[in-house]
Amino acid sequence: MAVSLGMSKVSSYIAVSLDGYAAGPNQSVDNPLGEGGLRVHGWHIEPPLDPVDEAINEEIVGHGAFIMGRNMFGPIRGEWEGDWNGWWGPNPPYHGPVFVLTHYPRESVVMEGGTTFHFVTDGVESALKQAREAAGDRSISVAGGASTVQQFIRAGLLDELHTHVAPVVLNAGEPLLKDVDNAVLEPINVRSSPRATHITYRITYP
């Protein structure tokens, strides 16, 4: 059974290509999603949005706390330099506490709209503990990227995985499900629009 039974649900919403990549190859500061990666996200960032996609967009940010990897937060590697505060501008879409996994300490960063980035240096279990304390009874989202989702599955900490499969083939890049054979994914819901098929999986750890 899922490890967080009786606690706030831990979910991840992540867009992928038909061949299973969450980002394209050759990611860079100018192309953070890699070559072709932006096409995987057209369903939720390019208007007009389909009503199904719009509803899922609201679900993605409708959690009590969020966890993400440092690669999702920004392009900086090693020690923190400058005043980089994420890809989203002064008012990120999360409007709540966001716990960023990193090896390098940094003071929390308060943004507009209620988003605060906290930087966690002691692993996924610690990030989840802090997110639970911040979220209370509300659910927790593992926002990404793919490597962070994999870490949570390998640790047996993810309850649900929501994939948003775009009709795009990348052929290479960052695979979503790599070395996660400790988990069983059971599809429990499917919704679709012309630009994506949204599949929800319940995750158990036999």
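Data overview
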{"item": "Residue identified as acidic (Asp, Glu), free of Cβ contacts under 8 Å to residues at least 40 places away in the same chain and outside any loop (DSSP other than H, G, I, E, B) among GLU107, GLU133", "result": "GLU133"}
{"item": "First in the range 48-62 and within 13 Å of ARG195 (Cα to Cα), second anywhere and assigned to a loop (DSSP other than H, G, I, E, B), Cβ under 7 Å, 6 or more apart", "result": "ASP50/PRO194; ASP50/ARG195; ASP53/ARG195"}
{"item": "Residue list for the range 166-192, restricted to those being under 17 Å from ARG202 (Cβ atoms) and either surrounded by 21 or more Cβ atoms within 10 Å (Cβ to Cβ) or not acidic (Asp, Glu) (or both)", "result": "LEU176, LEU177, VAL180, ASN182, ALA183, VAL184, LEU185, PRO187, ILE188, ASN189, VAL190, ARG191"}
{"item": "Filter pass, MET72 being in contact with a strand residue (DSSP E or B) (Cβ under 7 Å, 6 or more places away or on another chain), at pLDDT below 95, within 26 Å of ILE45 (Cβ to Cβ) and of a type outside the set (D, E, K, R)", "result": "yes"}
{"item": "Residues of the range 54-102 that turn out to be under 18 Å from SER11 (Cα atoms) and assigned to a loop (DSSP other than H, G, I, E, B), as a count", "result": "8"}
{"item": "Some residue of the range 98-117 being closer than 21 Å to HIS41 by Cβ and among the basic types (Lys, Arg)", "result": "no"}
{"item": "Test: residue in the range 73-91 that is β-branched (Val, Ile, Thr) and either touching a residue at least 24 places away in the same chain (Cβ under 8 Å) or crowded, with 17+ Cβ neighbours inside 10 Å (or both)", "result": "no"}
{"item": "Filtered residues of the range 42-72 (kept if surrounded by fewer than 12 Cβ atoms within 10 Å (Cβ to Cβ) and among the charged types (D, E, K, R))", "result": "GLU58"}
{"item": "Hits in the range 155-184 - residues which are in contact with a Ser or Thr (Cβ under 9 Å, 6 or more places away or on another chain) and free of Cβ contacts under 8 Å to residues at least 24 places away in the same chain", "result": "VAL184"}
{"item": "Any hit, the range 30-40, residues being touching a strand residue (DSSP E or B) at 6+ places or on another chain (Cβ under 6 Å), among the aliphatic types (A, V, I, L, M) and touching a residue at least 12 places away in the same chain (Cβ under 8 Å)", "result": "yes"}
{"item": "Filter result (part of a strand (DSSP E or B) and either touching a Gly at 6+ places or on another chain (Cβ under 6 Å) or surrounded by 12 or more Cβ atoms within 10 Å (Cβ to Cβ) (or both)) within the range 110-125", "result": "THR116, PHE117, HIS118, PHE119, VAL120"}
{"item": "Residues being touching a residue at least 40 places away in the same chain (Cβ under 8 Å) and of a type in the set (Val, Ile, Thr) - total across the range 185-201", "result": "1"}
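The values are calculated or read from the model by the stated rules, or taken from the named source; none is laboratory data. Predicted, not measured: the structure shown is a model, and the values here were computed from it. Ideal geometry is used to build each Cβ from the backbone, glycine not excepted, and the neighbour counts take in all protein chains shown.
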